[in-house]
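Chemist: Take this structure, written in structure tokens, and hold onto it; I'll ask about it next.
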Amino acid sequence: MTPNGAAIRAFREVRGLGLNQLAHLIGIDPSFLSRIETEQRGAAAHTIDAIALRLDIPVAAITRERPCDHEPAG
């Protein structure tokens, strides 16, 4: 599971939260949240959970599944 930065930013903006505000609410550095939103960095599950909780959305709305390397394409 990897964060979908564009979705995080879109939900944050719809909720009227600035980057600094959301970062403060979830206890991370604003520059780290910015790197998550621009997909320069991944995020731990607990960070993704905190973002979803503060945005009042399901985790699935801000993540994408990454296919396993051992699964056949098809």
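Chemist: With bins 10 Å wide starting at 0, give me the P(r) of the chain over every alpha carbon pair, in whole percents.
Modeler: 20, 55, 16, 7, 1
Chemist: Quick check on the chain: helices-only [θ] at 222 nm, where DSSP H runs of length 4 and up contribute -39,500 (n - 2.57) each and the sum goes over total residues. Nearest 500, please.
Modeler: Mean residue ellipticity, 222 nm, calculated: -14500 deg cm²/dmol.
Chemist: In a Gaussian network model over the chain where Cα atoms closer than 10 Å are linked, find which of Ala60, Ala44, Ala23 has the largest mean-square fluctuation.
Modeler: Ala44
Any read-out appearing in this document is the output of simple, stated calculations on the displayed coordinates, not a laboratory observation. Quick caveat, the model's predicted, so the values are computed rather than measured.
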